[in-house]
Amino acid sequence: MEIPYTTEIRKDTGLYNAKVGIWLFLASEVMLFGALFSAYILLRVGAPDGYWPHGWLTVWLGTLNTLVLITSSITTVMAWASLKMKNFGSFKFYHAVTLCCAVMFLCIKSYEWRDEFIHNEVTLKEGAFKEGTIADGHLIKQTADTITLEGRIVKDRKDLFNLSTPFFGHPKQEEIEIKRSDIVKMSNYGPAHHDYNALYFTLTGLHALHVIGGACVIFYLWAFGRKMWETDPERFTNRVEVSGLFWHFVDLVWIFLFPVLYLL
């Protein structure tokens with residue numbers, strides 16, 4: 001039995017069924033991410049003055065990931081256009097580039113996540129350091145009696161929240177050796193550290209899951225699509241178009257995430 005409207009256009013919508021389905025699915029995705037962005041806005045507006053992080057993320061890495069995803073959107077369109085021109089070889093090339101961009105994006109994002117988990121805020125006992133009571137930086141060495149951070153010491157925790165950094169990294173850091181007996185509290189910059197971190201890991205983690213899901217679909221079409229291309233090329237082209245629409249949505253979400261998390 002032939003499934004209707006897989007290639008032909010429906011009179012009531014002007015679209016084939018798969019495209020109707022993906023638009024309905026993307027509408028639900030807009031509501032999902034919209035709720036999370038709304039939570040970000042409410043928590044940021046409700047934060048005490050001066051206690052919302054700025055400059056905690058490395059801008060050039062976020063910029064690089066933005067360029068990677070924009071490139072992947074272009075190659076996705078080129079893959080679909082190649083099928084429209086009956087050039088399966090070009091389709092394979094452009095979709096392979098898209099997959100490489102997806103892997104590159106995930107590798108960069110994994111590096112950033114790791115950076116947050118090795119970054120620590122250490123509250124010290126009163127008088128442990130003349131310069132202040134809070135140490136902040138990357139954990140580079142630890143022993144039974146001491147830990148060594150590459151970072152800085154501040155007198156007021158508020159000084160940690162507005163970190164004005166150059167585009168290509170953080171200001172010069174110094175090695176700080178701290179006795180474990182002087183530590184009152186120590187926490188990394190994981191999801192539990194601050195509302196900002198919780199939202200950062202939730203938003204970027206959910207986005208990464210979408211990247212993985214989209215990449216799996218694209219890989220399937222790239223690796224196993226030749227048989228359908230040979231038997232029903234129009235239907236295969238439609239499947240590539242639908243996967244491309246999802247990929248464009250994933251890229252668009254990042255276009256909003258980048259300025260919200262990295263720049264504002």
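I'm told residue 230 meets every condition in (1) over 18 Å from residue 121 (Cα atoms); (2) at pLDDT 90 or above except one. Can you identify the failing condition by its number? In the conditions (1) over 18 Å from residue 121 (Cα atoms); (2) at pLDDT 90 or above, residue 230 misses (2) alone. Restricting attention to segment 100-122, the residues being farther than 14 Å from residue 61 by Cβ, assigned to a helix (DSSP H, G or I) and in contact (Cβ under 8 Å) with a residue 60 or more places away in the chain number 4. Does residue 206 satisfy being within 29 Å of residue 61 (Cβ to Cβ) and either in a helix (DSSP H, G or I) or assigned by TED's automatic domain parsing to the domain that holds residue 87 (or both)? Criteria met by residue 206. Residues considered: 97, 45. Of these, the only one that is in a helix (DSSP H, G or I), under 26 Å from the mean Cα position of the chain (by Cα) and modelled with pLDDT of 95 or more is 97. Whether any residue in segment 184-194 is of a type in the set (A, V, I, L, M) and exposed (fewer than 14 other Cβ atoms within 10 Å of the Cβ) is what I want to check. Yes, segment 184-194 contains a residue that is of a type in the set (A, V, I, L, M) and exposed (fewer than 14 other Cβ atoms within 10 Å of the Cβ).
The values are calculated or read from the model by the stated rules, or taken from the named source; none is laboratory data. Here the structure is a predicted model, which is why all the values come from computation and not from measurement. Methodologically, a virtual Cβ is constructed for each residue, glycine included, from the backbone with ideal geometry; neighbour enumeration extends over all protein chains shown.
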